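The block underneath contains the structure these notes are about, expressed in structure tokens.
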């Protein structure tokens, strides 16, 4: 009967590796392949073939007859914006407001040198911005009517200049979107082949730059996303998969093919979001309130914090250099992955990332033409990674070439041998990742001294213990599916729909409460309707209400989760004051000022099937049965070669453990347990490390 049960597949396409998790009942298999940039379907089908082999099926049988869900997370949008490789976007703006897209919000970096203040990247050239004579005021009243001929002539001109998509960005469209809707229909009449995005369809709240740049970026990334979606879906169809291919968004939910094609910008940060949702499921399983999450793959280190059931949602999320109108999981990313380049800057100071060797040519040890050393090359040089057991032995690593590259690029200029230079890079990477963890935790008022660090990705288990020590977290959990944990998280996700509306209500004026309640109810109907339209009308739906507030005179607002009944409660003001002081410190609440409720939002969550994971019996004992030998490693903290025992992860069982130092070899990652710490395999087949002193 097991062979007849359905299989659900999650695939995360990263910058270096493509990871797969496939679940059938309580059985879970994983697969990993190098990401094939330009032909992403090849790497995806490689992992599917590996999974099919583990189930004793052909790829076609697996996809055609057994797979009932296929969810994909990827870095397509992230890469397009990071590399500024999108299409030529034509923009229709309200007359007189062309420069909004260039001035942005006027934000400055922390650099005190005015000459080094970065300008916003130009994703739209000035010649592709057309002004339209129309105007709606903040109350939604039409001040100047929009003209069809004006719009269509502008679009014809933009097309002649090379526009490949059109973003429609008018003032105060959240108050009244009639002009944007009219313009959209008129554009389709003269340019039906173009992708069109209205700003209000992407972000339905005030702040024109945030809304407009989100619409522009939605257009900008559409061609690479469409190419990716068409390629992947086509390849899966050719192999027999006929169901809907679903895509993961940065808010932590799934999207249909049609939704992705309409709103491709929502794929931003979809890969890291998968790991965050997986961590939330793990935290719930352990009944743990505070969890620090870290994902170190081949290209980046991504981190967030869970304080309760769900990862924090960031309002007006920053994408690259742009402050947008999107709400996404609050994830901080830095260039610190296994493929991150280790270099010397112009001052001769060592630097890790943000550049990456990717999958091609990859680290020097891959033997694919790479000449710049990476973090992976450092770990091979120091003996942490077994060159003959990389990716389960499918890839043989060249340790000698790694050592030579490190000595040439780092060692010789610094007067160090290769292991010493590699140890320096290791320490720098640990510090960088620890600082990223502080960004999402300590700097936001959370005490991490009781938080568990959930560490995953193909590279992080090597660094996790030292990062946790640096931050002050007392324990680490490394999932049994660590190297493909973000792909696993895709299968824990629900369908998520989030809608917002601008209220601009000063809550002391109680006569505005009725209007706020009315708009809240309309918003709830909209969310429920969208979820039902997506095919989730017969499943439980959970609604999460929240609002952004600011004190009178403040520029920025702060989001707080609330209950629907709070709008009519006298305690709303006190609730926000308390929240504000928890975030910014005792006495910071401006109790004398009026409190404004700026935007109200509702996130609807429709439940989907989840993997079945049961606790196994635990039998405490040492790990001698899993001992495979020993390995010489160059310990970064002592700068000495030390022989430490090695263990095979496949031979460990619940309750097995040992005192560090030691290494556990997993077929697709390596776990380092430093001296003074203890590791055990727990009832869920995850690895728990209790940290001691160095």
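What follows is calculated from the coordinates using simple rules that are stated; it is not laboratory data. Everything numeric in this text was worked out from a predicted model, so none of it was measured. Here the Cβ is made from the backbone with ideal geometry for all residues, glycine too, and neighbour counts use every protein chain on show.
Enclosing the Cα atoms of segment 544-675 in their convex hull gives a volume equal to 259 cubic angstrom per residue. Using C-alpha pairs below 8 Å separated by at least 6 residues, the relative contact order for the chain is 12 percent.
Consider a paramagnetic label point 7 Å from the Cα of residue 607 along Cα→Cβ; state which residues of segment 500-542 have an amide N under 16 Å from it. Answer for segment 500-542: 536-542.
Calculated FRET efficiency, residue 509 to residue 400, Cβ-Cβ distance, R0 = 60 Å: about 0.20 to the nearest 0.05. Relative contact order of segment 87-220, taken over Cα pairs closer than 8 Å and 6 or more residues apart, is 30 percent.
The share of alpha-carbon pairs in segment 497-606 lying farther apart than 16 Å comes to 59%. Label-to-label distance, residue 189 versus residue 417, with points set 7 angstrom from Cα along the beta-carbon direction: 7.8 nm.
Compared with the direct C-alpha span, the chain from residue 349 to residue 309 gains 10.2 nm at full extension, assuming 0.36 nm per residue. Label zone of residue 161 (point 7 Å out along Cα→Cβ, amide N under 16 Å): in segment 188-208 this covers no residue at all. Across segment 284-325, C-alpha contacts under 8 Å between residues 6 or more apart give a mean separation that, scaled by the residue count, equals a relative contact order of 27 percent. Within the chain, antiparallel bridges make up roughly 70 percent of the DSSP beta bridges whose residues both belong there. Where Rh is the Kirkwood radius over the Cα pairs of segment 192-292, the temperature 10 °C and the viscosity 1.306 mPa s, what D in µm²/s does Stokes-Einstein return? Estimated diffusion coefficient is 102 µm²/s. Taking other Cβ atoms within 10 Å as a rough exposure proxy, 293, 87 sort from fewest to most as 87, 293. The distance linking segment 398-453 with segment 145-210 is 47 Å (Cα centroid to Cα centroid, whole angstrom).
Does segment 147-229 come out rounded, prolate or oblate by the C-alpha gyration tensor, with a ≥ b ≥ c the root eigenvalues, rounded set by a/c under 1.5 and, if not, prolate when a/b is larger than b/c and oblate if not? Oblate is the answer for segment 147-229, as a/c is 1.5 or above yet b/c matches or exceeds a/b. Please give the FRET efficiency for residue 142 paired with residue 690, using the beta carbon to beta carbon distance and R0 = 51 Å, rounded to the nearest 0.05. The calculated FRET efficiency here is 0.20. The overall shape of segment 457-527 is oblate: from the C-alpha gyration tensor, with semi-axes ordered a ≥ b ≥ c, the ratio a/c is 1.5 or greater and a/b is no larger than b/c.
Mean projected area of the Cα convex hull of segment 558-604, taken over all directions, amounts to 3.7 nm². Between residue 26 and residue 586, full extension at 0.36 nm per residue minus the direct alpha carbon distance yields a gain of 196.8 nm. The stretch between residue 178 and residue 79 holds 32.2 nm of extra length on full extension. This uses 0.36 nm per residue minus the Cα-Cα distance. Normalised by residue number, the volume inside the convex hull of the Cα atoms of segment 23-114 is 234 Å³ per residue. Taking N as the residue count of segment 388-520, its C-alpha radius of gyration divided by 2.2 N^0.38 Å amounts to 1.68. Here the sum of -39500 (n - 2.57) over DSSP H runs of 4 or more residues, divided by the residues of the chain, equals -8500 deg cm²/dmol at 222 nm, to the nearest 500.
Sort segment 621-690 into rounded, prolate or oblate with this rule: let a ≥ b ≥ c be the square roots of the eigenvalues of the Cα gyration tensor; rounded if a/c is under 1.5, and if a/c is not under 1.5, prolate when a/b is larger than b/c, oblate otherwise. Prolate shape, in that a/c is at least 1.5 and a/b is the bigger ratio. Treat the chain as a sphere of radius equal to its Kirkwood radius over Cα pairs and apply Stokes-Einstein at 10 °C in a medium of 1.306 mPa s; give the translational diffusion coefficient in µm²/s, rounded to a whole number. Diffusion coefficient, whole number: 59 µm²/s.
Rounded to a whole number, what is D in µm²/s for segment 87-220 from Stokes-Einstein with the Kirkwood radius over alpha-carbon pairs (20 °C, 1.002 mPa s)? Estimated diffusion coefficient is 142 µm²/s.
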